[in-house]
1. Can you order the peptides 58-64, 75-81 by their average number of other Cβ atoms within 10 Å per residue, highest first?
2. To make sure I understand the rule: partners must be lysines, Cα under 27 Å from the Cα of K81, and not fewer than 8 residues away in the same chain. Which ones qualify?
3. Label A19 and Q132 with points 7 Å out from Cα along Cα→Cβ: what is the distance between them in nm?
4. What does the extension gain come out to for I61 and Q46, with contour length at 0.36 nm per residue minus their alpha carbon separation?
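Each value in this text was obtained by applying a stated rule to the coordinates, not by laboratory testing. Because the structure is a prediction, the values reported are computed rather than measured. As a convention, Cβ positions derive from the backbone with ideal geometry for all residues, glycine included, and neighbour counts pool all protein chains shown.
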Amino acid sequence: MKALVTGSCGFIGSHLVKALINRGYEVFCLIRKTSNQVYSWREMLQFIAQTLNVNSPVIKIPFPALYTRAWISEAISKMTKTKPLVTRKNILSARRDHWLYDSQKIQNELGFKPEIGYKEGMKDIIYWYRQQGLL
């Protein structure tokens, strides 16, 4: 079986990769090459929209409204014993202007060597989704 893991350089992602490999999966990791390149969420979404040849959607929702919605979602999930659709942690995380990913941990622990950068990898993923009829 095959698995694609994004965020494989982080704490959870790196452990997920190890677990999948231990269970016999062929694991593919989408990461950026180690560099000083920083992408904001907006830049990533704009690149994906550009690659798909669509307009990049911009929806401005006030932070207090989103945070309150997340709080309500968490409260409902506690009452119904289900997973919340959105959490306050998700909202705080998405609010950050940029993320910096470093593949050093996965290189050191698993010997992974990135062959392509973020943009080329994202284009490959979009191409695959199109071939599968998912886009």
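1. Top of the packing list down: 75-81, 58-64.
2. Of all the lysines, those that pass the test against K81 - Cα under 27 Å, at least 8 places apart if same chain - are K89.
3. Placing both labels 7 Å along Cα→Cβ, they lie 2.0 nm apart.
4. Working: separation 15, 0.36 × 15 = 5.40 nm, distance 1.82 nm.
Fully extending the segment from I61 to Q46 adds 3.6 nm.
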